[in-house]
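J.: Let me begin by handing over the structure; questions about it come next.
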Amino acid sequence: MPANQKGFTLLEVVAVITILGILIVFAVSRYINTPTEARIKAAEAAIAEIKGRLSNAQGKYIIVQGKHPNSSELLTYAKSTNGGYGAANLVNVGPDYVVSIQEGPPIVITVGIVLSNSQVSTYSAAGD
């Protein structure tokens, strides 16, 4: 090879393209799941909101009734309007979710996101 030639060899170019391709694959695969992960985190936030509401209702129940409720008593109280949130307000965490609560023990909270992903959680009353 003459001393005045400048540039890259074919092997160097192929190596750089291969490395760039590998980096792109990792970068793209990292961001493909981002919307799904965001929906899951939003569902987890909705579950946390309902758990907080149940916890508040449990505290009110203890103050009013003087005892710890079991799951059935807690859910009935939380759904009532005299001490709780009301049946509709207990599960109202936004228009993007369909929330259901099943009586336990433990209480099962299911948040189905409109985009067909769902998260399930449980909440145990202190009296169970």
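None of the figures in this text is laboratory data; all of them are computed from the coordinates on show. Owing to the predicted nature of the structure, the values given are computational and were not obtained by experimental measurement. Here the Cβ positions follow ideal geometry from the backbone for every residue, glycine too, while neighbour counts run over all protein chains shown.
J.: Under a 5 Å amide H to amide H cut-off, with H placed in plane at 1.01 Å, what residues pair with Gly84 once short-range neighbours are removed?
T.: none
J.: Starting from the 7 Å offset along Cα-to-Cβ, what nm value, one decimal, do you get for the label separation of Val13 and Asn82?
T.: 8.4
J.: Report, ordered by chain and residue number, the lysines lying within cross-link reach of Lys51, taken as a straight Cα distance under 28 Å and ignoring same-chain residues fewer than 8 apart.
T.: In chain and number order, the partners are Lys41, Lys60, Lys67, Lys79.
J.: Another one. Mean projection of the alpha-carbon convex hull of the range 10-123 over all orientations, in nm²?
T.: Numbers: hull surface 37.7 nm².
Convex hull of Cα atoms, orientation-averaged projection: 9.4 nm².
J.: Assuming R0 = 25 Å, can you tell me the calculated FRET efficiency for the pair Ser100 and Asn33, based on Cβ-Cβ distance, to the nearest 0.05? Kindly include the intermediate steps, with their values, before the conclusion.
T.: Working: r = 26 Å, r/R0 = 1.05.
It comes to 0.45.
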